[in-house]
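Reviewing the structure listed below.
Readers should treat all values here as calculations from the given coordinates under stated rules, not as data from a laboratory. All values reported here derive from a predicted model rather than from experimental measurement. Here the Cβ is made from the backbone with ideal geometry for all residues, glycine too, and neighbour counts use every protein chain on show.
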Amino acid sequence: MLGIIVFAVVGAGYYFKICKKKQEDFYNEHIAELILFESTKKYLKEPLGESKSLNISKWKLEVGNMKKEKNSLYNQILEIREEVEQAEEVKTCIEQLQEREKRLTQVKRNELDL
């Protein structure tokens, strides 16, 4: 009888080692998924609080508000782009006028020198 108990204890230790090895293998094979799960769990802990489900309607409302804000900001970008284009046109015109003035002053100097 003592031999059976010793085998059971030794067998249990062997079984434990097999289970431990399988756990390690599983962990090593799925480490990326486990890390993602843990980080998601930590990230959702604050918004979820004690409840275990997300308040979808609240999130949909937040998404709608963010889309409206994004569209508003995009319209502002378009307006600013138009202003920049106008400013660049004015800059180009001013540079052309300055170039013409330089040429005219050079021509006048050349005429005076003759």
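The residues neighbouring residue 26, those whose beta-carbon lies less than 12 Å from its own, together hold a net charge of -1 under the Lys/Arg +1, Asp/Glu -1 convention. Count Lys and Arg as plus one, Asp and Glu as minus one, and take only other residues whose Cβ is under 14 Å from that of residue 68; the net charge is then +1. Projecting the alpha carbon convex hull of segment 69-114 along each direction and taking the average yields 2.7 nm². The label point for residue 38 and the one for residue 24, both projected 7 Å from the Cα toward the Cβ, are 1.8 nm apart. Computed over neighbours whose Cβ is under 12 Å from that of residue 85, the net charge equals -3, Lys and Arg +1, Asp and Glu -1.
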